[in-house]
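Below is one structure, written out as structure tokens; comments come after it.
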Amino acid sequence: MRNVIDQVPKSLAIMGGTFDPIHYGHLVTAEAVRYEFNIDQVLFMPTGHPPHKSEENISHSEHRYLMSVLATATNPHFNVSRLEIDRKGITYTIDTIKDLIKIYGTTIELYFITGADALSHIFTWKDAEELLKLCTFVAVTRPEYHKEELIERIEIIRNYYQSKIHFLEVPALSISSTNIRERVKKGMPIKYLLPESVENYIYKFKLYS
């Protein structure tokens, strides 16, 4: 992790993703969740070897980790973890949550931030039923997103498994890493879509071009 946390937080939100690159959508989402649920720390977790994505299309983990560190440096409530990128083999959310419980203790209140569309397919995740019991999920959506069907599916999951799932609309989610990579490839500007430090890093190391 970037910083040593002097005081063990009582609540921790995990913001997972490839962060290729990290952008303002990620940061606004994390801060919105932190504020809405009064969370002590948000831990950004760059994925190591995700089961649902081809590694050929993902930048090296060190680039993604360092961009995350740069992007979160000015927020004292944000931290970045190497837990998944340093883990060998396929990285699964359930393993990450269990590791965090070992690190922070069983009294830590864990929140997991994810897209509502991803959460609606949670039963494709490893040990999904156990995962639903270990942490509170925050399903984030865009305001204009047609989410009625998603909410209905997630409500069924929540009620059946007595799991803690909350919904939160975040306007900045319209920014996407895919679009940023395409803009760089085409020589288009990416300013104001992500922190200047991350923009400079992308150009310095010629990522996506």
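The values are calculated or read from the model by the stated rules, or taken from the named source; none is laboratory data. Please read these numbers as outputs of a predicted model, since none were measured by experiment. Here Cβ is always computed from backbone atoms with ideal geometry, including for glycine, and neighbour counts include all displayed protein chains. Note: accessible area is taken over every heavy atom of the protein model, side chains too, but ligands, DNA and RNA are not part of it. Shrake-Rupley method; radii C 1.70, N 1.55, O 1.52, S 1.80 Å.
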Search result, residues across the range 116-147 that are open to solvent by less than 30 Å² (accessible area, probe 1.4 Å) and out of contact with any strand residue (DSSP E or B) (no Cβ under 6 Å at 6 or more places or on another chain): Ser120, Ile122, Ala128, Leu131, Leu132
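Restricting the search to the range 71-101, which residues are more than 19 Å from Lys126 (Cα to Cα) and either touching a residue at least 40 places away in the same chain (Cβ under 8 Å) or not in a loop (DSSP other than H, G, I, E, B) (or both)?
Initial filter on the range 71-101 (more than 19 Å from Lys126 (Cα to Cα)): 71-82, 86.
Matches in the range 71-101: Ala71, Thr72, Ala73, Asn75, His77, Phe78, Asn79, Val80, Ser81, Arg82.
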Residue match in the range 166-187 (condition: of a type in the set (Asp, Glu), within 24 Å of Gly105 (Cα to Cα) and either open to solvent by less than 80 Å² (accessible area, probe 1.4 Å) or without any contact (Cβ under 8 Å) to a residue 40 or more places away in the chain (or both)): no
Residue within the range 78-86 that is at pLDDT 95 or above, of a type in the set (S, T, N, Q) and surrounded by 16 or more Cβ atoms within 10 Å (Cβ to Cβ) present: yes
Matching residues, the range 12-26, being assigned to a loop (DSSP other than H, G, I, E, B) and within 10 Å of the chain's Cα centre (by Cα): Thr18, Phe19, Ile22
The one condition in (1) over 23 Å from Ile58 (Cα atoms); (2) in a helix (DSSP H, G or I) that Ser197 fails to fulfil: (1)
Evaluation of Tyr104 against (1) open to solvent by 70 Å² or more (accessible area, probe 1.4 Å); (2) among the hydroxyl-bearing types (Ser, Thr, Tyr); (3) over 21 Å from Ile22 (Cβ atoms) (one fails), failing number: (1)
Complete set of residues in the range 164-191 that are more than 20 Å from the chain's Cα centre (by Cα) and either of a type outside the set (Lys, Arg) or in a loop (DSSP other than H, G, I, E, B) (or both): Glu182, Val184, Lys186, Gly187, Met188, Pro189, Ile190
